[in-house]
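In what follows, a structure is listed as structure tokens, so that the remarks can point back to it.
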Amino acid sequence: MDRAEKVLAEIEEQSRKNPLVIIGPKRGMILDDAILKYKPKTVVEIGTLVGYSAIRMGRLIGPGRITCLEIDEEMARVARRNISDAGLGGVIDVRVGDARELLPKLEGIFDLVFIDAKKDQYLSYLKLVEPKIKRGGVVLADNVKRFASEMQDYLEYVRDSGRYKSTYIESESSFDPDGDAVEISIRR
């Protein structure tokens with residue numbers, strides 16, 4: 001087992017004992033598939049928590065860069081440690097602050113955006129980063145089944161605005177008996 005896989009397994013085990021709101025291994029496979037299919041080189045993750053999904057992406061991205069935004073200083077510290085332990089410190093950069101303030105300051109164009117933060121802010125996050133998403137770029141949003149009512153404006157936007165081709169992918173969850181889903185939206 002390589003370093004990244006070992007850290008992912010440790011976080012999953014921790015989460016079984018003391019629940020963390022991570023994407024988990026089952027929905028994480030959707031994230032893995034997106035990285036392998038779309039081969040992004042520049043990624044922004046909104047909501048990092050302990051670095052689980054960043055490590056999942058980082059271990060597959062090849063030459064590339066992931067910028068993670070986390071509002072909680074302590075969680076960012078834990079994420080940095082986990083990312084370093086996974087051997088991905090040179091690929092993943094964790095920044096602390098409110099994503100609504102950090103997103104406008106990011107430079108460059110992104111191939112992929114992963115949103116997994118404050119559920120009622122998904123549309124705000126997307127609109128702030130949207131000018132920096134390349135045409136054909138991918139936006140993944142987690143928890144779109146479990147928190148659908150809190151992000152209804154986001155879901156209507158990616159599904160009905162004509163700016164995205166959007167797909168809903170439901171998955172079992174070891175952390176939620178009713179399962180959850182990820183919305184994958186391709187920018188037109």
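Here, each number is a calculation from the coordinates, and none is a lab measurement. In this text, all values refer to a predicted model and were calculated from it rather than measured experimentally. Glycine also receives a Cβ, built like all others from the backbone with ideal geometry; neighbour counts cover every protein chain displayed.
Given Cβ point charges of +1 (Lys, Arg) and -1 (Asp, Glu) and nothing else, what value in debye, to the nearest 20, does the dipole of the chain about its Cα centre take?
Working: 31 positive and 32 negative charges, 164 e Å.
Here the size comes out at about 780 debye.
Please order Lys132, Lys17 by the number of other Cβ within 10 Å, starting at the fewest.
Ordered from fewest to most neighbouring Cβ atoms within 10 Å, Lys132, Lys17 come out as Lys17, Lys132.
Please list, in chain and number order, the residues 5+ apart from Lys145 or on another chain whose amide H is under 5 Å from its amide H, with Hs placed from the backbone.
Those qualifying (amide H under 5 Å, at least 5 residues apart or on another chain) are Ala181.
I want the antiparallel fraction of DSSP beta bridges within the chain, as a percent rounded to 5.
40
Aspartates and glutamates near Lys105 by alpha-carbon distance under 20 Å, same-chain residues fewer than 8 away left out - which ones?
Within reach: Glu45, Glu70, Asp72, Glu73, Asp93, Asp116, Glu130.
Classify segment 1-147 as rounded, prolate or oblate from the Cα gyration tensor: take a ≥ b ≥ c as the square roots of its eigenvalues, call it rounded if a/c is under 1.5, otherwise prolate when a/b beats b/c and oblate if not.
The shape class here is rounded.
For segment 134-188 and segment 47-61, compute the distance between their C-alpha centroids and round to whole Å.
So the two Cα centres are separated by 18 Å.
Which pairs, out of Lys39/Lys127; Lys26/Lys145; Lys6/Lys118; Lys118/Lys145, put more than 20 Å between their alpha-carbon atoms?
Numbers: Lys39/Lys127 23 Å; Lys26/Lys145 15 Å; Lys6/Lys118 28 Å; Lys118/Lys145 15 Å.
Check vs 20 Å cut-off fails for Lys39/Lys127; Lys6/Lys118.
Mind sorting Phe147, Phe110 by how few other Cβ atoms lie within 10 Å of their own Cβ, fewest first?
By the 10 Å Cβ count, ascending, the order reads Phe147, Phe110.
Which longest run of the chain has no exposed loop site in it, a site being GluC sites (Glu not before Pro) in a DSSP loop with at most 14 other beta carbons within 10 Å, and the site itself not part of the run? Intermediate values should be presented prior to the final figure.
Numbers: sites that count: Glu107, Glu172.
Within the chain, the longest run free of exposed GluC sites (Glu not before Pro) spans 1-106.
Sort Met151, Met75, Met57 so the one with the fewest other Cβ atoms within 10 Å of its own Cβ comes first.
By the 10 Å Cβ count, ascending: Met75, Met151, Met57.
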